[in-house]
Amino acid sequence: MIVRDYNGTGRWSAEAIRQRYADYAQRLNLSNLRDLTPSMHEEQETRWIYPVMERVIEGIEAHDPACTMIGIEFIEEDEGFAFGRTLKSNAARALRRAPLTPPQAQRIRERVVAMLIAGNVPHEYKEYAKLLRQLGVSPVWQRIEDEVDRGNRRALRFYEYFKKVVTQNESKR
């Protein structure tokens, strides 16, 4: 049988993610643990194993704090993944609706701003920008203003987006 496993390797393998989930769940005293078994599809002599991050994203949407922790780690990761654009976009979208602690919100702000300043604005950055807007741009605006590379057209696009958000928020006061 041919097995096509779309999960990552090392820290992002399905098993490593499930282990981190169990560790976080224990640390957070969660009693209802999620089933993080990746979905599979078999046809003739081929089995496809889809990313377990799909299950983690479902957990974020269900407000599972252990899944939220993994989701934050996921958007902090620069490594490429099978279906990475979609998974990272979906993780950011789910995090927008998840209850976050102030330290978690700060980690996300720092990640999104660092990516912008580095000029690292991949496809999923659009969802990251919406997430930062949800969390509040004002606490990091001065850093964006001072450090963004205005010569990078993609970075400039998001700089302008954040500038508009900050300007609108100031006019509401």
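The values are calculated or read from the model by the stated rules, or taken from the named source; none is laboratory data. Being a predicted model, the structure only gives us computed values, none of them experimental. As a convention, Cβ positions derive from the backbone with ideal geometry for all residues, glycine included, and neighbour counts pool all protein chains shown. The protein model used for the area step is the full one, side chains on, heavy atoms only, and it has no ligands, DNA or RNA in it. Shrake-Rupley method; radii C 1.70, N 1.55, O 1.52, S 1.80 Å.
Annotations
- Taken over region 110-142, the criterion of being touching a Leu at 6+ places or on another chain (Cβ under 8 Å) and closer than 15 Å to G71 by Cβ is satisfied by V112, L131, L135.
- So R111, is it assigned to a helix (DSSP H, G or I), open to solvent by 50 Å² or more (accessible area, probe 1.4 Å) and under 23 Å from G59 (Cβ atoms): no
- Region 119-173, residues that are of a type in the set (G, A, S) and part of a helix (DSSP H, G or I): A129, S138, A155, S171
- Meets criteria (in contact with a Phe, Trp or Tyr (Cβ under 6 Å, 6 or more places away or on another chain), assigned to a helix (DSSP H, G or I), modelled with pLDDT of 90 or more and open to solvent by less than 10 Å² (accessible area, probe 1.4 Å)) for A92: yes
- Condition met for K126 (surrounded by 22 or more Cβ atoms within 10 Å (Cβ to Cβ) and basic (K, R)): no
- Residue count for region 1-27, restricted to those that are surrounded by 15 or more Cβ atoms within 10 Å (Cβ to Cβ), of a type outside the set (S, T, N, Q) and within 27 Å of T46 (Cβ to Cβ): 8
- Counting the residues of region 28-43 that are closer than 21 Å to S13 by Cβ and either in a strand (DSSP E or B) or open to solvent by 20 Å² or more (accessible area, probe 1.4 Å) (or both) gives 8.
- Residue match in region 44-56 (condition: at pLDDT 95 or above, acidic (D, E) and open to solvent by less than 60 Å² (accessible area, probe 1.4 Å)): no
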